[in-house]
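*Asks:* This structure is in structure tokens; I'll ask about it shortly.
The values are calculated or read from the model by the stated rules, or taken from the named source; none is laboratory data. What you are looking at is a predicted structure, and each value in this text was computed from that prediction instead of being measured. Cβ: placed from backbone, ideal geometry, glycine included. Neighbour counts: every protein chain shown.
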Amino acid sequence: FTGYGYMNADLAVSKHINEALFDKHVPTVGEIVSFTKAKFFASYNFSGVGVALTHGCALLGDPMIEMILPYDQKQIDLNKYNLAQDDTLEISSHVGPQITNGKFVVFDEDDSQLPLNQYYPFERPAVNDIISVSDFIVPENSDPIYSQYVKLFAYGEDGEITGITNFTVGQSAMVNLEVIPDPPQDGDPINIRADFFDEEGLADIYFVLDDDVTIIEMINSEDHTYQLETPLPAYSAGDEVIFQFKIFNTVGDSTLTNFETITVAGPDLVIEHFELTDHENSPAAKVLLRNSGSTVAGLCDLKLYDVTDDTILLTTIQIDPLSVLANRWEYIPIPLLNGEIEFKAVVNENEEFFNEIHSFNNTIYSESYSINMFEVGTPGSPVSAMSLDENLLCEFPPDFIIEPAIFYINSIITDEPIDQPDINTILPANPTMSFCYKIGTLDESCLADTIGHFQNEQMVTLTFSYNPTDSLTQAMETEGDFNIYRWESEFSKWIKYGGLIDSVENTVTYDVDRTGIYSILQNKDNEAPFIEANVEGQEYTQTLNSSPGQEFTHGGYISKDGVISFVLMDANGIDVFENNIRLYLSDGSEVTEIGSNEYSLTIAPGNLNQIPLKYQLNDLVKGTYYITLECHDVNGNEENLEIEFIVNDEFDILNFANYPNPVKNATVNHHNSGRTRFTYVLTDDADKVNIKIYTVSGRLIKTFKDLPSSVGYHEYPRTALGWDCRDKDGYYLANGVYFYRITAKKGNKKIEKTQKMAILK
């Protein structure tokens, strides 16, 4: 419709855009695009013409711009409708008081505006609510017989109006065509009325359908107006009535007008989407209906079929009327089914309730679904259910739930686990695409919580069957450690539950307490997690023996409000799902578990292999304390770490020393020959710490500023190499005795300690 190279369906797209603009008065470009898409695909549902729709909608521009459309169409009056070349045409239209200005534009039969040198459409003011011109002279034309159109474009402060009529040169004229009713709907008889003119006088006028067979003489109802004596019989929705008029004048000349088209309005239901879901605690097919027609779609049936092998009607529901361009989700109940099922949904099948513009789009076929549903909850009766491939048996105990509910077992494909290298997949007894199964219910009210635990601590027994003949699987069986795992999809981790292997039956059995995705895997991980601790920047590891790389020592000092940080590490991931991380605080006589709301734990997808945990002490009194952390990895290995620490209510410096002392050239590490380092313990945080070195005469020769000032044990320098015993000018200290003094300040309190050091090189 742009005139720039559309190859397919440009006329169809432009037709629906114009329908949205001028017939349906759709207000915005975005809604016009939606209307056009719905109508286009309902009529031309194949891909070869999609480019026309795409480009056509793109040319409409910003989808949020509101379209300003003419609010009325006015009649245009001509002084005559049959003209000859060089005749003067007088044009006028009663536009009403709201219109202030307008113009008349003349177009040829191809809807192209006449060249401006033939007629220039000046804008004219409305006088007494009328816009008129009397200066149009019919131009010369090589064709002695033709038609032209006069269009009105006028405006005022409140909006715009339009109008259209036509005149002929050298032939009879037909104007003011009326269709009654307009538009006709399915089942309506159709009457046709129009005005006819000829300078020689009119004799006979015939209505001619495009089949060239149906010819009906028109009757003169008044002046120049003719109409069908008997309306046309009713047509069906979507039918097109294509016709023209054959006009005879009194001298025997005849004129055949251009073809006119009437489209019979009607509903057009389209099923746009199908998916399997649950609705009101029962299985259901969810289908999206749209009425892309031009009238309301009334009450009708929506049917669901099983078309896996034969066509079997499953369910029929009645749906409410659907307005023009409206869409709505409908839910069709599904009976309990087991197997690979393909569905078909049909609305208003065979146009049973009303005719539609199109009926081929009333049907949708689904993909093939693996469905395995069963009812649990019959009082006193256990329930056993198998997966479709018979690799998994689920056993529900008697009185599992109070009210019956629908459960399901579906095979499912999961993503690859993230950073979980020590598990191996196992070949099932009946090899399938996946050895993972989702066990769930359509009625979540029968569960104890939102994460799927069963009520009253009930358990379901799962029995997985693995391959009895595959040599690799049997070799893995001899290694042991086949376990049932549950999948955590948000974190892409398998979480170990446990398992009892029956090597005779080739099964693994375990009781689970919740819904979820389950499988069996071989666990090759026997290593416990690793826990690292940090107290106000002081590192602490599980190795309690002193070493040069350790700062916080077992039994070290911590501030009464200090923050203890842990990092939990494991190559396969820390379990934060089935085995909670536990933190305990003891004063030596009473143990208190620290609630999860009292410490911060940072977990996110992708970081379960290294989890930070922080806990802030809460104004502890002076004394010795123990804090213990317990955790498991996702493969069930357990680890715990206990830290002993001291809280002092006085600010002090303890254990101030240097090592080695005396300083010698002979050392275990030759890189530290002639070097030393200082150690000290702060019983509380300091504001500032420094160490100064003096000769025996009291001369200051070296100062170390801004030393670590947090509570606890510290070493300086905290590097691989100790202090090289150079003074402030860079000269090595001579052999002899020196004094060194540490000064720590906290508020207005100052503590100093002095020690003696010898250098013997």
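*Asks:* Identify the single condition in (1) farther than 30 Å from residue 25 by Cβ; (2) surrounded by fewer than 21 Cβ atoms within 10 Å (Cβ to Cβ); (3) in contact (Cβ under 8 Å) with a residue 60 or more places away in the chain that residue 285 does not satisfy, given that it satisfies every other one.
*Replies:* (2)
*Asks:* Looking at region 288-301, I want the residues that are under 13 Å from residue 271 (Cα atoms) and have a partner that is outside any strand (DSSP E or B) and basic (Lys, Arg) with Cβ atoms under 6 Å, at least 6 apart or on another chain. Which pairs are those?
*Replies:* Note: pairs meeting the criteria are 292/39.
*Asks:* Go over the candidates 649, 687 one by one and state the one that is closer than 24 Å to residue 620 by Cα, exposed (fewer than 15 other Cβ atoms within 10 Å of the Cβ) and at pLDDT 90 or above.
*Replies:* On inspection, the qualifying residue turns out to be 687.
*Asks:* Now a separate question. Give the residues of region 723-757 that are basic (Lys, Arg) and either touching a residue at least 12 places away in the same chain (Cβ under 8 Å) or not assigned by TED's automatic domain parsing to the domain that holds residue 703 (or both), sorted by residue number.
*Replies:* Within region 723-757, 726, 728, 741, 745, 746, 749, 753, 756 qualify.
*Asks:* Looking at region 313-321, is at least one residue outside the structural domain of residue 16 (by TED's automatic domain parsing) and out of contact with any Leu (no Cβ under 8 Å at 6 or more places or on another chain)?
*Replies:* The answer is no; no qualifying residue exists.
*Asks:* Out of contact with any Gly (no Cβ under 7 Å at 6 or more places or on another chain), at pLDDT 90 or above, among the hydroxyl-bearing types (Ser, Thr, Tyr) and not assigned by TED's automatic domain parsing to the domain that holds residue 202: does that describe residue 88?
*Replies:* Criteria met by residue 88.
*Asks:* Continuing with this model, one more query. When region 729-747 is examined, which residues are found to be part of a loop (DSSP other than H, G, I, E, B), over 60 Å from the mean Cα position of the chain (by Cα) and not charged (D, E, K, R)?
*Replies:* Answer for region 729-747, where residues must be part of a loop (DSSP other than H, G, I, E, B), over 60 Å from the mean Cα position of the chain (by Cα) and not charged (D, E, K, R): 730, 731, 733, 734, 735.
*Asks:* Right, something else. Under the condition of being within 24 Å of residue 491 (Cβ to Cβ) and aliphatic (A, V, I, L, M), which residue from region 566-593 is farthest from the chain's Cα centre (by Cα)?
*Replies:* Once the filter is applied, the top-ranked residue is 583.
*Asks:* Being of a type outside the set (Gly, Ala, Ser), closer than 23 Å to residue 407 by Cα and modelled with pLDDT of 95 or more is the filter here; which residues of region 279-307 pass it?
*Replies:* 286, 287, 304, 305, 306 - these are the residues of region 279-307 that are of a type outside the set (Gly, Ala, Ser), closer than 23 Å to residue 407 by Cα and modelled with pLDDT of 95 or more.
*Asks:* Then there's this: Within region 324-344, take every residue that is of a type in the set (Val, Ile, Thr) and closer than 15 Å to residue 372 by Cα and give me the one that is surrounded by the most Cβ atoms within 10 Å (Cβ to Cβ).
*Replies:* For region 324-344, the residue satisfying everything is 334.
*Asks:* Consider region 121-179. How many of its residues are in contact (Cβ under 8 Å) with a residue 12 or more places away in the chain, in a strand (DSSP E or B) and either surrounded by fewer than 12 Cβ atoms within 10 Å (Cβ to Cβ) or not hydrophobic (A, V, I, L, M, F, W, C) (or both)?
*Replies:* Residues meeting the conditions: 21.
*Asks:* Pick out the one residue from 195, 204, 210 that is under 30 Å from residue 144 (Cβ atoms), in the same structural domain as residue 246 (by TED's automatic domain parsing) and buried (at least 16 other Cβ atoms within 10 Å of the Cβ).
*Replies:* 195
*Asks:* Quickly run through region 237-252 and pick out the residues that are surrounded by 15 or more Cβ atoms within 10 Å (Cβ to Cβ) and either in the same structural domain as residue 293 (by TED's automatic domain parsing) or in contact (Cβ under 8 Å) with a residue 40 or more places away in the chain (or both).
*Replies:* 237, 238, 241, 243, 245, 246, 247, 248, 249
*Asks:* Could you tell me whether any residue of region 706-720 is farther than 21 Å from residue 534 by Cβ, at pLDDT 90 or above and not aromatic (Phe, Trp, Tyr)?
*Replies:* No; the residues of region 706-720 include none that is farther than 21 Å from residue 534 by Cβ, at pLDDT 90 or above and not aromatic (Phe, Trp, Tyr).
*Asks:* Please specify each residue of region 389-403 satisfying the condition of being modelled with pLDDT of 95 or more and either of a type in the set (Phe, Trp, Tyr) or not in a loop (DSSP other than H, G, I, E, B) (or both).
*Replies:* 392, 393, 394, 395, 396
*Asks:* A further question on this structure: Residues that are buried (at least 20 other Cβ atoms within 10 Å of the Cβ) and either under 25 Å from residue 439 (Cα atoms) or touching a residue at least 60 places away in the same chain (Cβ under 8 Å) (or both): does region 316-323 have at least one?
*Replies:* no
*Asks:* Among (1) surrounded by fewer than 18 Cβ atoms within 10 Å (Cβ to Cβ); (2) farther than 20 Å from residue 510 by Cα, where does residue 371 come up short?
*Replies:* Against the list (1) surrounded by fewer than 18 Cβ atoms within 10 Å (Cβ to Cβ); (2) farther than 20 Å from residue 510 by Cα, residue 371 comes up short only on (1).
*Asks:* Could you say whether any residue in region 408-422 is touching an Asp or Glu at 6+ places or on another chain (Cβ under 8 Å), surrounded by 16 or more Cβ atoms within 10 Å (Cβ to Cβ) and either within 30 Å of residue 611 (Cβ to Cβ) or in the same structural domain as residue 498 (by TED's automatic domain parsing) (or both)?
*Replies:* yes
*Asks:* Looking only at residues in region 579-595 that are out of contact with any Gly (no Cβ under 9 Å at 6 or more places or on another chain) and surrounded by 16 or more Cβ atoms within 10 Å (Cβ to Cβ), which one is nearest to residue 631 (Cα to Cα)?
*Replies:* For region 579-595, the residue satisfying everything is 581.
*Asks:* Please determine, by comparing only the residues of region 7-21 that are modelled with pLDDT of 80 or more and hydrophobic (A, V, I, L, M, F, W, C), which one is farthest from residue 69 (Cα to Cα).
*Replies:* 17
*Asks:* In region 442-464, which residues are closer than 15 Å to residue 384 by Cα and among the hydroxyl-bearing types (Ser, Thr, Tyr)?
*Replies:* Result: 461, 463.
This table checks each residue for (1) of a type in the set (S, T, N, Q); (2) over 46 Å from the mean Cα position of the chain (by Cα); (3) surrounded by fewer than 16 Cβ atoms within 10 Å (Cβ to Cβ).
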residue: 598; (1), (2), (3): no, no, yes
residue: 609; (1), (2), (3): yes, no, no
residue: 613; (1), (2), (3): no, no, no
residue: 635; (1), (2), (3): yes, no, no
residue: 643; (1), (2), (3): no, yes, no
residue: 669; (1), (2), (3): yes, yes, yes
residue: 678; (1), (2), (3): no, yes, no
residue: 682; (1), (2), (3): no, yes, no
residue: 692; (1), (2), (3): no, yes, no
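*Asks:* Any idea which residue in region 676-728 is nearest to residue 761 (Cα to Cα), counting only those that are in contact with a Ser or Thr (Cβ under 6 Å, 6 or more places away or on another chain) and either among the basic types (Lys, Arg) or in a loop (DSSP other than H, G, I, E, B) (or both)?
*Replies:* Restricting to residues being in contact with a Ser or Thr (Cβ under 6 Å, 6 or more places away or on another chain) and either among the basic types (Lys, Arg) or in a loop (DSSP other than H, G, I, E, B) (or both), the top hit is 722.
*Asks:* So residue 351 passes all but one of these: (1) at positive phi; (2) within 31 Å of the chain's Cα centre (by Cα); (3) free of Cβ contacts under 8 Å to residues at least 24 places away in the same chain. Which condition number does it fail?
*Replies:* (2)
*Asks:* Right, next: Residue check, residue 339 against (1) of a type in the set (Gly, Ala, Ser); (2) part of a loop (DSSP other than H, G, I, E, B); (3) not assigned by TED's automatic domain parsing to the domain that holds residue 427, all met but one. Which one?
*Replies:* (2)
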